[in-house]
1. Is one or more of the residues making up region 236-254 within 30 Å of Phe52 (Cβ to Cβ) and modelled with pLDDT of 95 or more?
2. Might you let me know whether region 14-24 holds any residue that is closer than 25 Å to Gly169 by Cβ and away from the ligand (no atom under 16 Å from the Cβ)?
3. Could you list, ordered by first residue, the pairs with Cβ atoms under 7 Å in which the first is in region 258-285 and in a loop (DSSP other than H, G, I, E, B) and the second is away from the ligand (no atom under 16 Å from the Cβ) and of a type in the set (Gly, Ala, Ser), at least 6 apart or interchain?
4. Is at least one residue of region 115-128 within 11 Å of the ligand (Cβ to nearest atom) and surrounded by fewer than 21 Cβ atoms within 10 Å (Cβ to Cβ)?
5. Which one of these does Thr11 not meet: (1) part of a strand (DSSP E or B); (2) more than 16 Å from the ligand (Cβ to nearest atom); (3) surrounded by 22 or more Cβ atoms within 10 Å (Cβ to Cβ); (4) not charged (D, E, K, R)?
6. Considering only region 62-89, state which residues are surrounded by fewer than 14 Cβ atoms within 10 Å (Cβ to Cβ) and in contact (Cβ under 8 Å) with a residue 24 or more places away in the chain.
7. Kindly state which strands (runs of 3 or more DSSP E) lie completely within region 138-215 and contain at least 2 residues that are at pLDDT 95 or above, within 16 Å of the ligand (Cβ to nearest atom) and within 30 Å of Asn284 (Cα to Cα).
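The values are calculated or read from the model by the stated rules, or taken from the named source; none is laboratory data. Small disclaimer: the values here were computed from a predicted structure and weren't measured. Please note: Cβ atoms are built from the backbone with ideal geometry, for glycine as well, and neighbour counts cover all protein chains shown.
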Amino acid sequence: MKGTQVAQSLTLLAPAKLNLSLAILGKMDNGYHELLTLMQSVNLCDVLKFQFASASSVTHQVNLVVENDTTRSDFPLDDTNLIKKAANLFCKTLPVLPPTKIQIIISKNIPIGAGLAGGSSNAAATLLALNEYFGNPMTMFQLLDLGFQLGSDVPFCLIGGTSLGRGRGEKLSHVSFKTILYFVLVKPKDLFVSTAWAYDAFDRSQAGLPHTDLESHNQKLIAHLLNGEISEAAGLFNNDFEPEIFKHHAVLVKIKERLIELGCLSAHMTGSGPTIYGLTQNLNQAEKILASILQDHQLHVDCWLAQSVSYGAKVIENGKD
Ligand code: C5P
């Protein structure tokens, strides 16, 4: 801890992630899949407040509380939650840290099991918060390494913005463009997809899509984004999971078709789903499309407006003594 200026509380944003492109190149020897994926942070965010106090015990105490009404039983508050895993891993990696009571209050806005990397972003926020409180004992490079031990998407969530990811998605090449992208996100209310199940389903399907010129496909996509050519970029969005996941969940095809009918430039699933995002021309069109989806009671979905942001998990409030 630095001097006498001890931060007692830190509030962080943890943004959701969309995959604008996602190609599964094959299964690696370690059982994970090799990817080429263009990822984008959006302003649908969880908010995490960390309160720190020195502990009289010999070990760290991490307590997690949900502030808003999350009745989903699969947001565990025990040590299986990625937030607690991240805090425990950070403290274990630096055993010299003074024992500390860490209370984490989360306001959960990113849906769970939705393909939006909510858990990974929460873990990224936790690593950043603890590093900040303890006086930045770890470099960003070390945090990326810790993050990768927690999950494939955590490194991206630490950096945020737009990045082309290779490997399991952790080898990141940052892309910086000015155009703001406006999305409508749509998720069936009672549908949750496990990432491990989705990869298994993909393997069983032997989907092996032809991956000719994937690098140049992504470079073209990035060039269009850099030039502000949104319609052209939208035409190159893709996700290899779609054919297989759509076979199991026909409602996703319906949502995708509805978004296109309503005027989206393109509509795709993010990650292993089930959230479908539609890219719109501007905020005004996004609002109209969102209103139409909300009025369509047959769909039985949750939906959100989201726009691209250039940041990942970040501190927004620092309550010092
Ligand atoms: O890395 P993460 O914990 O998010 O991955 C969840 C599961 O998804 C893994 O256990 C693995 O089955 C699968 N996965 C994969 N290849 C990747 C990422 C995830 O097979 N690149």
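1. Residues of region 236-254 that are within 30 Å of Phe52 (Cβ to Cβ), as a first pass: none.
Within region 236-254 (the criterion being within 30 Å of Phe52 (Cβ to Cβ) and modelled with pLDDT of 95 or more), the answer is no, since none of the residues qualifies.
2. To start, the set of residues in region 14-24 that are closer than 25 Å to Gly169 by Cβ comprises 14-24.
Among the residues that remain, those that are also away from the ligand (no atom under 16 Å from the Cβ) are: 15, 20.
Taking every residue of region 14-24 in turn, at least one turns out to be closer than 25 Å to Gly169 by Cβ and away from the ligand (no atom under 16 Å from the Cβ).
3. Correct list of pairs: Leu262/Ser292; Cys264/Gly278; Leu265/Ser231; Leu265/Ala234.
4. No, because not a single residue in region 115-128 is within 11 Å of the ligand (Cβ to nearest atom) and surrounded by fewer than 21 Cβ atoms within 10 Å (Cβ to Cβ).
5. For Thr11, the failing item is (3).
6. To start, the set of residues in region 62-89 that are surrounded by fewer than 14 Cβ atoms within 10 Å (Cβ to Cβ) comprises 63, 65, 67-69, 71-74, 76, 78-80.
Those that are surrounded by fewer than 14 Cβ atoms within 10 Å (Cβ to Cβ) and in contact (Cβ under 8 Å) with a residue 24 or more places away in the chain: Asn63, Val65, Glu67, Asn68, Arg72, Asp74.
7. Numbers: elements: 162-166, 171-175, 182-188.
So the answer is 162-166.
Yes or no, residue by residue, for (1) over 21 Å from the mean Cα position of the chain (by Cα); (2) polar (S, T, N, Q):
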| site | (1), (2) |
| --- | --- |
| Asn282 | yes, yes |
| Ile289 | yes, no |
| Gln295 | yes, yes |
| Leu299 | yes, no |
| Asp302 | no, no |
| Val309 | no, no |
| Gly312 | no, no |
| Asn318 | yes, yes |
